[in-house]
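Take a look at the structure below.
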Amino acid sequence: MKDAAPQTIYLSDYTPPAYLVGDVHLTFKLAATKTRVLSRIAFRPNPDATDHDFFLHGDDLTLISARIDGQDINPDLHSGGLRCAVPDGPFVFEAEVEISPSTNTALEGLYMSNGMYCTQCEAEGFRKITYYPDRPDVMAVFTVRIESDLPVLLSNGNPTATGKDWAEWHDPWPKPAYLFALVAGDLVAHPNTFTTRSGRQVDLNLWVRPGGDEAKCAFGMAALKASMKWDEDVYGREYDLDLFNIVAVDDFNMGAMENKGLNIFNASAVLASPQTATDADFERIEAIIAHEYFHNWTGNRITCRDWFQLCLKEGLTVFRDQQFTGDLRSAAVKRIDDTMMLRAYQFREDNGPLAHPVRPESFVEINNFYTATVYEKGAELIGLLKLLVGDQAYFDALDLYFTRHDGDAATIEDWLQVFEDTTGRDLSQFKKWYAQAGTPRLTVRDEYADGTYRLHLRQETPPTPGQPDKDPLLIPVAVGLLDQNGAEVLPTTILEMTKAEQSFTFDGLSGRPIPSVLRNFSAPVIVVHDMTDAERALLLAHDTDPFNRWDAGRTLAQDVLVRMLRQNATPDTAFLDGLAAVLRDDALDPAFRALALRLPSEDDTAQALFDAGHTPDPTAINQAHETLKLHIAQHLQDTLPRIYAAMSVTGPYTPDAGPAGQRALGNAVLGLISKLDGGKQAAQQFASADNMTQQLGALRALLQISKGDAELAAFEAQWQHDRLVMDKWFGLQVSLAAAPDAAATAEKLTRHPAFDMKNPNRFRSVFGGLKANTAGFHHASGAAYALLADWLIKLDPINPQTAARMTMSYDTWKRYDGERQTKMRAALSKIAQTPQLSRDTEEMVTRILG
Ligand code: BES
Ligand code: ZN
C-alpha cells in the first residue's frame, strides 16, 4: 500500500518559526545499530510568530524518553515529527532517541561508511538524528559530546574537552541544523596551517582512512589554502574559527558538504594523485574545495530563510568558485567550460518537463531541487548582476550584504535589496529572472546602409510547465563589431535589452560589419542568428572575444552535423579549414584549441534537430558524429603528429593549467590519430603513461575505435585496489560501448564482484555511463531504458535521493519518435507503479511524465 499523496510545500505558505532555539546540547552514544542521541534544547517563543504550535521534525526515530523542564512528557508522535503542550515562556526540551547508522543506506542523517560514522544533514537530514525544528531559519549554538571507542571523534567548531572514549565540541557560531556534522572513525590527518590576513593561525586537517589515501591529500590541502587566501584577497572574507577539518568518505550522495568547520567530502571530490586522478579531476577537486570553503560566508554566516532560497547560497557560491578557477587558471577556458555545462544540463532541464525557476515556488522533496537551474543558472544571474552594475558596485553590494545580513537567514529579496541600495537602481525587472523558468531565445536580425548598422533584437521565452506566458527580461547583450577583414571596429559594448523587441544603432561605419553577439556569454540565452558559414568562420578566426571565437566554431560544427543528417551533406571545407587554422595556431592556448576540437555532444545535436522541428534519430546522429570525426582526422592528417609531439610535457607531472592544457590537446589529437592508425599511438601512450590523464586518454581513444580489450584488462589488474580509479573503469566501458552493446555492457558490469549498488559513485559510474552513451541509451531495442528502470526500482528503497536524481536520464523522452517515447514512458510508468516508491522518486517520475 502506498502512503497518501505526498504533500506539496509552497513558498507562499512561509511563516516564521513558532519557537526559537538558544543552546543545543547533544550527546551521541555511538553504536552501529543502536546509537543513542540525547538532546537538551533551550526554546523560547518567537515574538514574530503567527502561531504557537510546538512541532519538532523527526524521521525514523525511536523515542526513548522526553522531558520538558525536567518533567517527563508523552508527546504525540506523527510520521514526520512530534507535538506536545509547552509552557508559555522559555523552556528546556530534552529527549533520548535511538537510531541505527549501520542500516542507514540512504546516506542522509547519521550513517556508516566503511566503519566510519558520518553525517549528511542538508537539506532535511537532521530530523533523522533527533527531534528538532529542522528548518534553516532556526539557528542555534551547538555543543556536542561524542562517546565512542573509535580514535577520532569530530564535530563542528572547536574541541573543548576530551577523555578516554569521549570528546566534546563547541561551535560558537549560531547555525541551522543542516550545517551540523559529526564524524567518528579510525582516521589519519594530513595536517597543515593557514595564517589569516589578520594574523590568526588556523589548523587545517584533511582526514582519511589509513591505507593508501594519505598519499592523495596534498593537492586538496593546497587547494584549501589557495581558497582561503583568495576569499581574503577578492571578497575580503576571513575564516572565523581556529580549526578547519575536511573528511573524505567513500559513500556520499553528492560531491561535498559545507558543514561549519567540518566539511565532509565524497572521496572522489578531494583525493587525488597524479597516477590516479586526471587533470579534469584535479581541477574539479580544486573547485569543490573552494566551493565548500566559500560557503562559510555565503551559506553559513548568511544562510537561507527557507529552501526556496537555495540559489541564494548555491548560485552565489558557484559563481564565486567559477571566479576562483578563472583567476587561478584561464578565465576564457573556464567560461567556455561553464557554458558548455550550462547548455548541456541547464538548457536541457529548462527545455523539458523538469523546467522550474531559479527560485522555485513549490516542491514535494527539496532534494530534487539541487538542480542545474538552481546552481548554474543561479550563478549566471549573479554574473548578470555584476555585468549590469559593474565590478566596483558589485563588490560594494557584497560588502553591504555581508555586514547587513551576517547571522541572518536571508532571502532573494534581501540579496537584491543590497544591490538596489548600493546602486540606486530599480531591479524589479531583473528579479523576474528568479521567477520565470525557461531559456529565452534571442533572435538577431541586422541591416546596414550608408555607414549605419542596426541590430534588431527580439526575445521570447517559451512556455514551461505551469508558466504558459512569459514577460520580457532584462538581458545584457555584449556586442562587438568586426570589419570584413576581421579587424575589430567596435569593442565590446553592453546593450541592455528590456523589451520584447528592441533595435540598436551604430553609426560611422565604413562598411557592413560582422556582429559578435553575446560576447563572453553575457546572458543565459539561446542566440538565434542566421549567419553565413563564412561569417562564422571569420569570427572563429578573428574575434577578440575568446568565448565567441570558440562558439562560432561550435555553431559551425553544429550546423555541419545538422546538414549531414538532414541533407546527407558532406562536411564542408570552410569548417574544416577553420578548425585546422585554430589547431595550427601555436599562439593559442592548447586548452582553448582542445575545446575548439571538441564537437557538440550527440545530445546537443538531438536537441538542435528537435529545435528545428525534426525528430532526432540517435543512431544516425551517432554515425554522423563518427563520420565527422573521421573527416576531421583525414583533413588534419598532416598536422596531427606534429601537434601530438609538440604537446608532450617534459618534467614531473603537475596538474597546473599549462601542462593540463597540453595534455588535453594531446589527448584530443590522439583521439583523431586513432581513427587513422588503428590505435597504434594510443596503445603506445597507454603503455608508457605515468599519469592517469594520459593513461585514461589512451584507453578512451582505444575504446572509441572498438579496441582496447587488453588495455581494459591491464587497467583492471593495475587498479583493482583503488575504488576511485575503478569507478572510471566501470564508467568508461559503458559510456563508450558500441550503441547496440551498451545495455548489455552495463548489465554485465552489475555482475562484476566489485559492483556495489550501495555505493553511489559505483552505481553512478555504471548507470551514469549508460545515460552518457546517448546512442546506447536510446538504442531502438529499448534495452537500456528497461535496464535502468529495473535498477532504479532496486535502488529506490536503498537510496531514494540517488535513484530520484537518476530518473533525469529520461527527461528528454518527448524529443524522440513514437516507439522510443512508448518505451521510455513504459520504463517511467514501471517505476511510478512500484509499491512503496520513495517521495523523491515519485515526484520526479510524475514531473517527467507530465
Ligand atoms: N550544499 C551542497 C551539498 C548538498 C547538496 C547537500 C544537496 C545536500 C543536498 C554543496 O555545497 C554543493 O553544492 N556541492 C556540490 C559541488 C559544488 C562544487 C557545486 C555537489 O555536491 O555536487
Ligand atoms: Zn554548495
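The values are calculated or read from the model by the stated rules, or taken from the named source; none is laboratory data. Predicted model, so just to flag it, every value in this text is computed and none were measured. Methodologically, a virtual Cβ is constructed for each residue, glycine included, from the backbone with ideal geometry; neighbour enumeration extends over all protein chains shown. Protein only, heavy atoms only, side chains kept; ligands, DNA and RNA dropped before computing areas. Shrake-Rupley method; radii C 1.70, N 1.55, O 1.52, S 1.80 Å.
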(request) Go through (1) under 30 Å from ASP399 (Cβ atoms); (2) part of a loop (DSSP other than H, G, I, E, B) one by one and return the number of the condition PRO462 breaks. (result) (1)
(request) Taking the residues in the stretch 5-17 that are under 18 Å from PHE55 (Cβ atoms) and free of Cβ contacts under 8 Å to residues at least 40 places away in the same chain as candidates, determine which candidate is least open to solvent (accessible area, probe 1.4 Å). (result) THR15
(request) Can you tell me which residue among ASN253, ASN296 is among the polar types (S, T, N, Q), within 14 Å of ligand 2 (Cβ to nearest atom), closer than 28 Å to LEU400 by Cβ and touching a strand residue (DSSP E or B) at 6+ places or on another chain (Cβ under 9 Å)? (result) ASN296
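Table: residues versus (1) in contact with a Phe, Trp or Tyr (Cβ under 6 Å, 6 or more places away or on another chain); (2) away from ligand 2 (no atom under 16 Å from the Cβ); (3) among the aromatic types (Phe, Trp, Tyr).
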| site | (1), (2), (3) |
| --- | --- |
| PHE363 | yes, yes, yes |
| ASN367 | no, no, no |
| GLY378 | no, no, no |
| ASP391 | no, yes, no |
| THR403 | no, yes, no |
| GLU420 | no, yes, no |
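Please enumerate the residues belonging to the stretch 282-293 that are away from ligand 2 (no atom under 13 Å from the Cβ) and open to solvent by less than 10 Å² (accessible area, probe 1.4 Å). Write out each step before concluding.
Taking the stretch 282-293 and keeping what is away from ligand 2 (no atom under 13 Å from the Cβ), we get 282-286.
Passing the criteria: PHE282, ILE285.
Is it the case that PHE194 is touching a residue at least 12 places away in the same chain (Cβ under 8 Å), closer than 18 Å to ASP23 by Cα and in contact with a strand residue (DSSP E or B) (Cβ under 9 Å, 6 or more places away or on another chain)?
On the way: touching a residue at least 12 places away in the same chain (Cβ under 8 Å): yes; closer than 18 Å to ASP23 by Cα: no; in contact with a strand residue (DSSP E or B) (Cβ under 9 Å, 6 or more places away or on another chain): yes.
So PHE194 fails the test.
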(request) Take the residues in the stretch 224-247 that are open to solvent by 10 Å² or more (accessible area, probe 1.4 Å) and without any contact (Cβ under 8 Å) to a residue 60 or more places away in the chain, then tell me which one is farthest from PHE324 (Cα to Cα). (result) GLU238
(request) Search the stretch 283-313 for residues being assigned to a helix (DSSP H, G or I) and more than 22 Å from ASN245 (Cβ to Cβ), and hand back the single one that is farthest from ligand 1 (Cβ to nearest atom). (result) PHE308
(message) One residue is enough: does the stretch 550-563 have a residue meeting the conditions part of a helix (DSSP H, G or I) and either at pLDDT below 95 or among the hydroxyl-bearing types (Ser, Thr, Tyr) (or both)?
(response) yes
(message) Just to be sure I understand the filter: pairs with C-beta atoms under 7 Å, separated by 6 or more residues or on different chains, first member in the stretch 315-342 and farther than 10 Å from HIS291 by Cα and open to solvent by 10 Å² or more (accessible area, probe 1.4 Å), second member within 16 Å of ligand 2 (Cβ to nearest atom) and outside any helix (DSSP H, G or I). Which pairs pass?
(response) none
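Hey, among the residues in the stretch 257-277 that are part of a loop (DSSP other than H, G, I, E, B) and open to solvent by 20 Å² or more (accessible area, probe 1.4 Å), which one's farthest from ligand 1 (Cβ to nearest atom)? Let's see the steps before the verdict.
Filtering the stretch 257-277 down to residues part of a loop (DSSP other than H, G, I, E, B) leaves 258-261, 270-277.
In the following step, the residues that additionally are open to solvent by 20 Å² or more (accessible area, probe 1.4 Å) were identified as 274-275.
On the way: PRO274: 22, GLN275: 24 Å.
Filtering the stretch 257-277 for residues that are part of a loop (DSSP other than H, G, I, E, B) and open to solvent by 20 Å² or more (accessible area, probe 1.4 Å), the one farthest from ligand 1 (Cβ to nearest atom) comes out as GLN275.
Matching residues to (1) at pLDDT 95 or above; (2) away from ligand 1 (no atom under 16 Å from the Cβ); (3) assigned to a helix (DSSP H, G or I); (4) in contact with a strand residue (DSSP E or B) (Cβ under 8 Å, 6 or more places away or on another chain):
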site	(1), (2), (3), (4)
ARG348	yes, yes, yes, no
VAL358	yes, no, no, no
THR373	yes, no, yes, no
PHE395	yes, yes, yes, no
LEU398	yes, yes, yes, no
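For the stretch 375-393, give me the residue count where each residue is farther than 17 Å from THR492 by Cβ and open to solvent by 30 Å² or more (accessible area, probe 1.4 Å).
In the first step, residues of the stretch 375-393 are kept if they are farther than 17 Å from THR492 by Cβ; the result is 375-382, 385, 392-393.
Remaining after also requiring open to solvent by 30 Å² or more (accessible area, probe 1.4 Å): 375-376, 392.
Selection size over the stretch 375-393: 3.
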(message) If the requirement is being open to solvent by less than 40 Å² (accessible area, probe 1.4 Å), within 24 Å of THR8 (Cβ to Cβ) and assigned to a helix (DSSP H, G or I), which of these qualifies: ALA746, ALA804, ALA789?
(response) ALA804
(request) Confirm whether ALA523 is of a type in the set (Gly, Ala, Ser) and in contact with a Gly (Cβ under 6 Å, 6 or more places away or on another chain). (result) no
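Give the stretch 300-323 a look and list any residue that's closer than 29 Å to ALA660 by Cβ and within 13 Å of ligand 2 (Cβ to nearest atom), or say none. Step through it out loud before you land on a result.
First, the residues of the stretch 300-323 that are closer than 29 Å to ALA660 by Cβ: 314-323.
Across the stretch 300-323, the qualifying residues are GLU314, GLY315, LEU316, THR317, VAL318, PHE319, ARG320, ASP321, GLN322.
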(request) Return yes when SER65 is at pLDDT 95 or above, within 34 Å of the chain's Cα centre (by Cα) and surrounded by fewer than 16 Cβ atoms within 10 Å (Cβ to Cβ) and no when it is not. (result) no
